[in-house]
Amino acid sequence: MTRRKGELTPAGIDRGWPHQIALPSELSFGKMGEEQFEFCKPLMRCTRGHSVMFEDRGYNVHCFATKAGAQAFLDRFGGEWFDPKERGKSIHWNRWYKGGKGK
């Protein structure tokens, strides 16, 4: 897999924006997505995030530089804390192993 020059890698995102919230995918699009975009402007959210699957359900992971920003997003839109260490490796990069189970 190749990357464009200057593109953020998943590891780079995890280093720079370590406070992450997983929100079910259906809650991150349309009018709700626009509302989240406006709400997050002052919260130092990464322009890129992750997508993961857990038990056949998709989640968008919103990444923040500060814990306070992530907590504000969580309080407003719901979701749950996401630990980057629980993301799959290699060909399973898009799987979420909650609690580290199933790796």
Point to revise | Failed item in (1) more than 18 Å from residue 17 (Cα to Cα); (2) part of a strand (DSSP E or B), with residue 99 passing the rest | key: (2)
**Study point:** Check on residue 39, touching a helix residue (DSSP H, G or I) at 6+ places or on another chain (Cβ under 7 Å) and either within 20 Å of residue 10 (Cβ to Cβ) or of a type in the set (Gly, Ala, Ser) (or both)
**Key:** no
Check your understanding: Counting just the residues of the stretch 53-70 that are assigned to a helix (DSSP H, G or I) and in contact (Cβ under 8 Å) with a residue 40 or more places away in the chain, which one comes out surrounded by the fewest Cβ atoms within 10 Å (Cβ to Cβ)?
Key -> 67
Review point. If we keep just the residues of the stretch 71-82 that are surrounded by 14 or more Cβ atoms within 10 Å (Cβ to Cβ) and closer than 15 Å to residue 28 by Cβ, which is nearest to the chain's Cα centre (by Cα)?
Key: 82
Point to revise | Pick from the stretch 83-98, criterion over 20 Å from residue 70 (Cα atoms) and either in contact with a Phe, Trp or Tyr (Cβ under 7 Å, 6 or more places away or on another chain) or small (Gly, Ala, Ser) (or both), ranking: surrounded by the fewest Cβ atoms within 10 Å (Cβ to Cβ) | key: 90
Exercise for review: Among the residues of the stretch 17-30, count how many are in a helix (DSSP H, G or I) and at pLDDT 90 or above.
Suggested key: 3
Review point. Among the residues of the stretch 29-45, is there at least one that is of a type in the set (A, V, I, L, M), in contact with a Cys (Cβ under 9 Å, 6 or more places away or on another chain) and either crowded, with 18+ Cβ neighbours inside 10 Å or on the phi > 0 side of the Ramachandran plot (or both)?
Key: no
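The values are calculated or read from the model by the stated rules, or taken from the named source; none is laboratory data. All figures in this text were calculated on a predicted structure; none of them were measured in a lab. All Cβ positions, even for glycine, are placed from backbone atoms using ideal geometry, and neighbour counts span all protein chains on display.
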